[in-house]
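This report concerns only the one structure given below.
The values are calculated or read from the model by the stated rules, or taken from the named source; none is laboratory data. From a predicted model like this one, the values you see are computed outputs, not experimental measurements. All Cβ positions, even for glycine, are placed from backbone atoms using ideal geometry, and neighbour counts span all protein chains on display. SASA here: full protein model, heavy atoms, side chains in, ligands and nucleic acids out. Shrake-Rupley method; radii C 1.70, N 1.55, O 1.52, S 1.80 Å.
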Amino acid sequence: MRLSPSGAADIRLHEGFSASWYADPGGVGTIGTGFTWASAAFREWWAKNRTGQKFGPGAIMTKAESDAVLQLVSDEEYGAAVDKFLSGRMTPQTVFDGATSVVFNCGAGALAWTWATAIKAAEYDLAGSRLLTTAVTQKGKVLAGLVARRKDEARLISQSIYASGGVGATMPDPAMADGILERGERGASVLQLQQRLVAAGYKPGNPDGIFGYGTQSAVLAFQRARGLSADGIAGPKTLAALAA
């Protein structure tokens, strides 16, 4: 998988853009969309495109270059690490984009943390809840910017909502127009249903936002276990029970 344009827009929203080199609050030299010398892909780009120019005070970068480099470092480093971690699993684009944002900010080592373990198990609600308290401090101090970023990433992973207003941000979900979800429907609400079934210990198959036979079987199993009317349709009572 690759970082989508909406995912890139979210990272740009969180990182901002600077045409000139600056030292971040932790003293780390930064330029463009949060690029630092810690990134091997960025160092390679700089060597090819800034021959003889030192990465430091006085260094500059255009917005167009920054946008291109963001996709480059994702393809070669941050997103690539997420893709390798997920080992070819069928993962929603929004989950991949959210995870790539975390890794861009925290490094590939973040994939060893519990939020990432939850993603690998397709427990996206759990991943989102764990992210809320993940890597929100710097030098022992809680930073409001990191708290806000984790909230946005958690929402993207668990609710498929882009902070930047990209595709899928606030689009109405026709599957929920009648308040129920049933076989043949698809969309963000179906994906959330599947995620909650997985979190509750049921197996709808790979969460993909499509209400197929696997999701129907998981709904039936959940309904029987909870003493609900077992019809394989996720109506208000079933959805409420899953959300509890």
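A Gaussian network model of the chain, with springs between Cα atoms under 10 Å, assigns the largest mean-square fluctuation among Glu65, Glu123, Glu15 to Glu65.
Relative to the longest principal axis of the Cα atoms of the chain, helix 93-106 runs at roughly 40 degrees.
For the pair the stretch 203-244 / the stretch 1-29, the C-alpha centres are spaced 40 Å from each other. Axis angle, to the nearest 10 degrees, between helix 40-49 and the longest C-alpha principal axis of the chain: 40 degrees.
Between Asn49 and Trp37, the simple spin-label model (points 7 angstrom out along Cα→Cβ) gives 1.9 nm. Axis of helix 144-159 versus longest Cα principal axis of the chain: the two differ by about 40°, to the nearest ten degrees. For Lys54, a cut-off of 18 angstrom between C-alpha atoms picks up no lysines at all, skipping any fewer than 8 places away in its own chain.
Normalised per residue, the accessible area of the stretch 94-134 is 32 Å², obtained with a 1.4 Å probe and no contribution from ligands, DNA or RNA.
The calculated FRET efficiency for Lys139 paired with Ser20, based on their beta-carbon distance and R0 = 22 Å, is about 0.35. Protection proxy ranking for 75-81, 3-9, using the average of other Cβ atoms within 10 Å per residue and placing the highest first: 3-9, 75-81. Under 13 Å of direct C-alpha separation, and excluding same-chain neighbours fewer than eight residues apart, Lys84 reaches these aspartates and glutamates: Asp75, Glu76.
Label sites at Ser129 and Glu76, each approximated as a point 7 angstrom past Cα along Cα to Cβ, lie 4.0 nm apart. With one equal scatterer per alpha carbon and no solvent term, the Debye-computed log10 I(q)/I(0) for the chain at 0.10, 0.14, 0.17 1/Å reads -0.53, -0.90, -1.20.
A protection proxy built from the mean count of other Cβ atoms within 10 Å ranks the segments 196-206, 228-238, most packed first, as 196-206, 228-238. Rounded to a whole number, what % of the accessible area of the chain do carbon and sulfur atoms account for, probe 1.4 Å? Carbon and sulfur atoms account for 56 percent of the accessible area of the chain.
Take the stretch 1-82 with all the other protein chains still there, run a 1.4 Å probe, and you get 48 Å² of accessible area per residue.
Shape index of the stretch 104-244: Rg/Rh, with Rg the Cα radius of gyration and Rh the Kirkwood radius from the inverse mean 1/r over Cα pairs, equals 1.03. In straight-distance terms, cross-link reach from Lys151 covers every one of the lysines whose alpha-carbon lies under 18 Å from its own, apart from those fewer than eight places away in the same chain; here that gives Lys141.
Shown here: the stretch 20-147, whose C-alpha atoms stretch 47, 35, 21 Å along the first, second and third principal axes, sorted largest to smallest. Each peptide in 106-117, 91-102 receives the mean, over its residues, of other Cβ atoms within 10 Å, and ordering these scores from highest gives 91-102, 106-117.
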